[in-house]
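Note sheet for the following structure.
The values are calculated or read from the model by the stated rules, or taken from the named source; none is laboratory data. If you're wondering where the values come from, they're calculated on a predicted model, not measured in any experiment. Here the Cβ is made from the backbone with ideal geometry for all residues, glycine too, and neighbour counts use every protein chain on show. Just so you know, the surface numbers come from the protein's heavy atoms only, side chains and all, with ligands and any DNA or RNA stripped out. Shrake-Rupley method; radii C 1.70, N 1.55, O 1.52, S 1.80 Å.
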Amino acid sequence: MFKSCLIANRGEIAVRIIRACNELGIKTIAIYSNADENAQHVLLADEAYPLDGLTPAESYLVIDKIIEIARTSGADCIHPGYGFLSESPDFARAVRNADIAFVGPSADAIDLMGVKTAARQLMDEAGVPTVPGFISDDASNIDAFLDAARKIGFPIMVKASGGGGGKGIRVVHNAEMLQDAIVSARREAEKAFGDPRIFLEKYIESARHIEVQVIADSHGNTVHLFERECSTQRRHQKIIEEAPSPILSDEQRQRIGETAVKAAQAVNYVNAGTVEFIATENGQFYFLEMNTRLQVEHPVTELITGLDIVQLQFLVASGEPLPMKQGDIEKTGHAIECRLYAEDPRNNFLPSIGRIHQFDMPHIMGVRLDSGIVSGDEVTIHYDPMIAKIIAFGSTRKVAISRMLEALKHLVILGVTTNLEFLVELLQSEEFQNAQVNTSFVDQHLQDLMPESNLTPEMLIASALFDALPKGIEINAESEGDVYSPWARNDGFKIG
Ligand code: ADP
Ligand code: MG
């Protein structure tokens, strides 16, 4: 096993990786930007080194700086987490060229799966079903796209080849709208990924997002750890994930698992990865993409299988064989994850920044908190607004939901606006309770899901006073000559 690991990330996932390292006896080395000097991942790691930069482009994305720190600190492996450099083949290559182990797949596998169009073609060859689509390098030939769209049939989805995080995606309902959608998707993709290429896919309506966690060692063993359902999405981005999928039969579950293993084997995949599928109402499924990294929602799989995916990543990266075969992997119960975002649902989900005055969650049986923040931390504009994940386990889906609701209703987060109440509304909706949520549900029911504001002016004034009083308000009304000011009265007036 490795002796030390540099964690090339921040926030909750860096903390999650540090905890796995601690259990394995691996020394942890953190890196940090100027905004993160006092961040949890820095305080919890055994060592921490500054990147001398503020924005991601100046810090967490600078390959040379990170490799240099790994070298001088003597790290024998690097874990990239998710986001940032986790899916950069250049990074994976640079790490290995520096004779440091990369806790992730080969640069070639990242390359092959990194571009959605190339991955689709590869999957077609491997016999993994893909959504009917159209790929062309000539984006200016709108007629070719129109022709293809008519053949596939509307609605159509325009997708970015280099996409991720739901960006560069447009749903097009008729031919008139196609050209504009292509132009705007290309613009968004260029801005987000530096790659404007797009392609077309049939838009599957009332779809479910079902993905399979796979893990493979370097001895030819590839297994899956069952599926997760992530259909609760806003603008094609996941908000709530669960495992197992409430709609799959055992037979469908086995088939989707085997298909995911086949997809991973087609690129000689080693380490943990996720094969994403879009499923129709009757359980037919098509390959969407493969995420060649640890995913945000990996904890729900950990809770139903009892396996620590991050520890398994270290194990296979160090060259060890997987400690189990497919038949040994069992699942039990149900797990649900909610992503807590510093954002304002009532203001078009705009990120909310500021100091977190208080952050507390009650201890509830079966509920896990993966968080990168504590009371007093600052949420800045520089990074993703996801600040914590709440993961609830129960013997049944119903138990998991009720534990989650108990945790969320008593969770305290003050200082920034969050989607906490929105999550509660979602979990309480009849559709979620009955497992009837598809990928367009949230966007279609946004108004009904919007929590009612229960903040009265009286509460706001009382809170402001409560916040200000202990710090001492400097008021000297008498000297200012305001004889009506309550602060000038000597009759024992008090705020209770
Ligand atoms: P990203 O890289 O942004 O995650 P994906 O290909 O995984 O892109 O798609 C993101 C989401 O968009 C999916 O989870 C699903 O909700 C929706 N989606 C993608 N492709 C289709 C499709 N062909 N039909 C219907 N929905 C789709
Ligand atoms: Mg995806």
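On full extension, the segment bounded by residue 357 and residue 435 gains 24.5 nm, given 0.36 nm per residue less the C-alpha separation. Label reach from residue 47 (point 7 Å along Cα→C-beta): in the range 311-339, no amide nitrogen lies under 17 Å. Taking other residues whose beta carbon is less than 13 angstrom from the beta carbon of residue 310, and scoring Lys, Arg as +1 and Asp, Glu as -1, yields -2. Amide H to amide H, with H built 1.01 Å from N, residue 349 comes under 5 Å of 344, counting only residues 5 or more places away or on other chains. The simple Förster model, with R0 at 25 Å and r as the Cβ-Cβ distance, assigns residue 176 and residue 144 a FRET efficiency of 0.90. Here the Karplus relation 6.51 cos²θ - 1.76 cosθ + 1.60, evaluated at θ = phi - 60°, turns the backbone of the range 414-420 into coupling constants of 10, x, 10, 7, 10, 8, 3 Hz, with x for every Gly and Pro. Between residue 183 and residue 118, the modelled labels are 3.0 nm apart [label points 7 Å from Cα along Cα→Cβ]. So if we plug the beta-carbon distance of residue 64 and residue 311 into 1/(1 + (r/R0)^6) with R0 = 25 Å, what FRET efficiency do we get, rounded to 0.05? Rounded to the nearest 0.05, the efficiency is 0.25. Here the range 42-94 has 55 percent of its accessible surface on carbon and sulfur atoms, given a 1.4 Å probe and all protein chains in place. Axis of helix 250-266 versus longest Cα principal axis of the chain: the two differ by about 70°, to the nearest ten degrees. Compute the helix-to-body angle for 142-152: its Cα long axis versus the longest principal axis of the chain, expressed 0 to 90° and rounded to tens. That works out to roughly 80 degrees.
Computed about the Cα centre, the dipole magnitude for the chain is approximately 720 debye when only Lys and Arg (+1) and Asp and Glu (-1) carry charge, each at its Cβ. Only the Cβ atoms of Lys and Arg (+1) and of Asp and Glu (-1) were treated as charged; on that basis the dipole of the range 193-246 about its Cα centre amounts to roughly 260 debye. Report, in listed order, any pair from 202/398; 389/409; 65/191; 27/331 with a Cα-Cα distance greater than 26 Å. Pairs exceeding 26 Å: 202/398; 27/331. With the Cα gyration tensor of the range 327-390 giving a ≥ b ≥ c as the square roots of its eigenvalues, does the rule (a/c under 1.5 for rounded; else a/b larger than b/c for prolate; else oblate) give rounded, prolate or oblate? Here the range 327-390 falls in the prolate category.
Net charge in the neighbourhood of residue 169 (other residues with Cβ under 9 Å of its Cβ; Lys, Arg +1, Asp, Glu -1) is +3.
Of the residues 405, 361, 298, the one whose Cα sits farthest towards the positive end of the charge dipole of the chain is 298 (charges of +1 on Lys and Arg Cβ, -1 on Asp and Glu Cβ, taken about the Cα centre). Summing charges over all other residues whose Cβ lies under 14 Å from the Cβ of residue 399, with Lys and Arg as +1 and Asp and Glu as -1, gives +1. Between residue 372 and 12, the built amide H atoms are under 5 Å apart, and every one of these is 5 or more places off in sequence or on another chain. With a Förster radius of 30 Å applied to the beta-carbon distance between residue 328 and residue 98, the computed FRET efficiency rounds to 0.25. Residue by residue, the range 364-378 carries 3J(HN,Hα) couplings of 10, 3, x, 10, 10, 10, 10, 9, x, 10, 9, 3, x, 6, 10 Hz when phi is fed to the Karplus relation 6.51 cos²θ - 1.76 cosθ + 1.60 (θ = phi - 60°); x denotes Gly or Pro. Relative to a virtual label point 7 Å from the Cα of residue 378 in the Cα→beta-carbon direction, which members of the range 34-50 show backbone nitrogen distances below 14 Å? Counting only backbone N, you get 34-40. Phi-derived couplings, Karplus 6.51 cos²θ - 1.76 cosθ + 1.60 at θ = phi - 60°, listed residue by residue for the range 101-108: 6, 9, 7, x, x, 5, 4, 5 Hz, with x used for Gly and Pro. A straight chain from residue 365 to residue 281 at 0.36 nm per residue would run longer than the Cα-Cα distance by 26.9 nm. Here, the range 135-273 has an Rg and a Dmax of 17.4, 52 Å when only alpha carbons are counted. Take the range 262-301 with all the other protein chains still there, run a 1.4 Å probe, and you get 26 Å² of accessible area per residue. Taking amide hydrogens as placed 1.01 Å from N in the peptide plane, the amide H of residue 32 sits under 5 Å from those of 49, 51, each at least 5 positions away in sequence or on another chain.
Under the shape rule built on the C-alpha gyration tensor, where the axes satisfy a ≥ b ≥ c, the chain is prolate, since a/c reaches at least 1.5 and a/b is greater than b/c.
Estimated from helical segments only, the mean residue ellipticity of the chain at 222 nm is -10000 deg cm²/dmol, where each DSSP H run of four or more residues counts as -39500 (n - 2.57).
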